[in-house]
């Protein structure tokens, strides 16, 4: 009888080890997900907040530097370092040179249309690329930003500057003074140019004088390769109903649209109304 009882005693199988292993795997997986989430969040904060803080601080400082130099050295005085005259591949080109019918307008990556370059002694001398030479102000947007030669992402746009398309007219001159700027991140000076309306004023100050433009047309969306918008007489080649047919002194602002995308370009045109 005792032998039969002994045979019926159940055997208990220990499973605690497997459960602990499964729990550890789940814990490690959860830690990995949380860590990746934190890294993504830090990247977003860096792109959307920190780059703006850095670029805006640098842009404000550059505006202050320019205005101090202009106060110390008025028109006709010694050239300031910010207007150093050099020849570079990025800046060579006449203001009357028409842009080629290929290549993209400047985008968030800094791609741009480059004009044909004259060669040899015919090359004009222009301020060095990335050196600020003017101050752009848009009262409606509360915007004040330095304007530099070129539309390079690294040396111009990412610093919070507004970039001057090589080969387009200078401020106040006949032709098209065409500018590009980031809409998002890195100071995003052109974030709200979609709010501009006909009649809004835009000023461009240089060492010599201040030029005032008045907004005339807004092209809400066009293709990145619509280089017609920055020609001397600007007219969209994608939407020909937007633009002009007669020569004048124009100001063009270009940026990416929609926000946080470079799929299309937003264009604002203004006409010169006064010089002071």
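The values are calculated or read from the model by the stated rules, or taken from the named source; none is laboratory data. If you're wondering where the values come from, they're calculated on a predicted model, not measured in any experiment. All Cβ positions, even for glycine, are placed from backbone atoms using ideal geometry, and neighbour counts span all protein chains on display.
Here are a few things to note about the model shown:
- Residue in the range 200-219 that is modelled with pLDDT of 95 or more, surrounded by fewer than 17 Cβ atoms within 10 Å (Cβ to Cβ), in contact with a helix residue (DSSP H, G or I) (Cβ under 7 Å, 6 or more places away or on another chain) and not in a strand (DSSP E or B) present: no
- Test set (1) surrounded by fewer than 19 Cβ atoms within 10 Å (Cβ to Cβ); (2) modelled with pLDDT of 95 or more; (3) not in a loop (DSSP other than H, G, I, E, B) - residue 136 fails condition number: (1)
- Residue 259 meets all of the listed conditions (1) closer than 21 Å to residue 150 by Cα; (2) not in a strand (DSSP E or B) but one, namely (1).
- Every pair of residues 6+ apart whose Cβ atoms lie under 7 Å, when the first sits in the range 46-75 and is surrounded by 12 or more Cβ atoms within 10 Å (Cβ to Cβ) while the second is part of a helix (DSSP H, G or I) and at pLDDT below 85: 65/82; 66/82; 69/82
- Residue 125 surrounded by fewer than 17 Cβ atoms within 10 Å (Cβ to Cβ), in contact with a strand residue (DSSP E or B) (Cβ under 7 Å, 6 or more places away or on another chain), at pLDDT below 95 and farther than 30 Å from residue 50 by Cβ: yes
- When residue 189 is tested against the conditions (1) surrounded by 19 or more Cβ atoms within 10 Å (Cβ to Cβ); (2) under 20 Å from residue 248 (Cβ atoms); (3) in contact with a helix residue (DSSP H, G or I) (Cβ under 9 Å, 6 or more places away or on another chain), the lone failure is (2).
- For residue 237, the conditions (1) on the phi < 0 side of the Ramachandran plot; (2) out of contact with any helix residue (DSSP H, G or I) (no Cβ under 6 Å at 6 or more places or on another chain); (3) modelled with pLDDT of 95 or more; (4) outside any strand (DSSP E or B) all hold with the exception of (2).
- Residues located in the range 154-170, provided they are assigned to a loop (DSSP other than H, G, I, E, B) and either touching a residue at least 60 places away in the same chain (Cβ under 8 Å) or on the phi > 0 side of the Ramachandran plot (or both): 160, 161, 165, 166, 167, 168, 169, 170
- Selection over the range 245-268 of residues that are over 16 Å from residue 191 (Cα atoms) and surrounded by 17 or more Cβ atoms within 10 Å (Cβ to Cβ) gives a count of 3.
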